[in-house]
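Read through the structure below, which is laid out as structure tokens, and then see the notes.
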Amino acid sequence: MGFLTEVWAKAMFTTDTKPPDGILADAQPVQDVNTTKETNEPAPNSKETKEWGYDLYPERRGETYKTKWTRVLFGMEGKENIDRYKCEQNVYWCVKNGPLVKLMMGALRSSGCPIDLRRHISCEVCDPSVTGGYDPVLNQIVVCQNMATNKSMVHGVLTHEMIHMFDYCNNDLDFRNVEHLACTEIRAANLAHCSFLSAMMQGDAAPWSAKQAHQNCVKSKALASVLAVRNISREDAIAAVERVFPKCYADLEPIGRRIRRNSTDQQKAYMEAPLYGYDVY
């Protein structure tokens, strides 16, 4: 199985016509159903709600986030409205100024799936284990206002989740298929998150293993995201990631390059987007 098996051993568009199940979680890289016949949506507190990741996003499906008085007393909660306002400000800033977010919005628009900020992006309170997610049932990106608290983090979440949205728009993904899920998580980690520095921080690389650092980081990130939203064994998740990794890791569309940290790669990718037919202006 390769790297993931080794890690495991050590640990011992507006598309409403074919709604899939589940939310794709953007799991933090360090520290990405009992259904009704009428709606095909998970019932609150149901088994599938947990199996498909909905329990990570308590505000999904109309639920209201409930604060605990003890956490309010110590200043840990009670500022949800302020946090949402700040989150929405950061989202707007990223849409106007973030190179990769602007590129992804142009790529989605050119693919026939334009983003309406009021419809397709939602700031919400989430479980602390995730910073964002993509809900393909509602075709919405969730930005976790309690975890993605600055422009840089929001830019990363939006880029990551827009890659999922792009894949759903263009590639007819079935998110109930674990290999499809693993593939889009690999692509998002590959294009939006991993660098040698982040691999070092995750413990996936050392100076003497720089050649495989990026791939290992992508595998770890994709595996964490799959396990966050699917109630499957670690063995099955590892197998799915390894099966699709070569093909999905090589797919760089629509960004066109892997982004190095502290470089001009983001700006270069944005400037090159029109060469590939993406309307970013």
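The values are calculated or read from the model by the stated rules, or taken from the named source; none is laboratory data. It should be emphasised that the depicted structure is a prediction, and the values quoted were computed from it without experimental measurement. Here the Cβ positions follow ideal geometry from the backbone for every residue, glycine too, while neighbour counts run over all protein chains shown.
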If I ask for residues that are crowded, with 21+ Cβ neighbours inside 10 Å and either in a helix (DSSP H, G or I) or touching an Asp or Glu at 6+ places or on another chain (Cβ under 9 Å) (or both), which ones from segment 78-101 would you list? Cys87, Asn90, Val91, Cys94, Pro99, Leu100, Val101
Selected residue (criterion: surrounded by the fewest Cβ atoms within 10 Å (Cβ to Cβ)) from residues of segment 147-178 that are at pLDDT below 90 and more than 16 Å from Pro254 (Cβ to Cβ): Asp172
Could we say that Tyr270 is at pLDDT below 90 and of a type in the set (Phe, Trp, Tyr) here? no
Note on segment 115-137: residues assigned to a loop (DSSP other than H, G, I, E, B) and in contact with a His (Cβ under 9 Å, 6 or more places away or on another chain) are Pro136
Return the residues of segment 232-256 that are modelled with pLDDT under 95 and surrounded by fewer than 13 Cβ atoms within 10 Å (Cβ to Cβ); say none if nothing qualifies. Ser233
Within segment 220-231, is there a residue that is loosely packed, with under 15 Cβ neighbours inside 10 Å, farther than 17 Å from Ala189 by Cα and modelled with pLDDT under 95? yes
Please indicate, with yes or no, whether at least one residue in segment 235-258 is hydrophobic (A, V, I, L, M, F, W, C) and farther than 18 Å from Asn190 by Cβ. yes
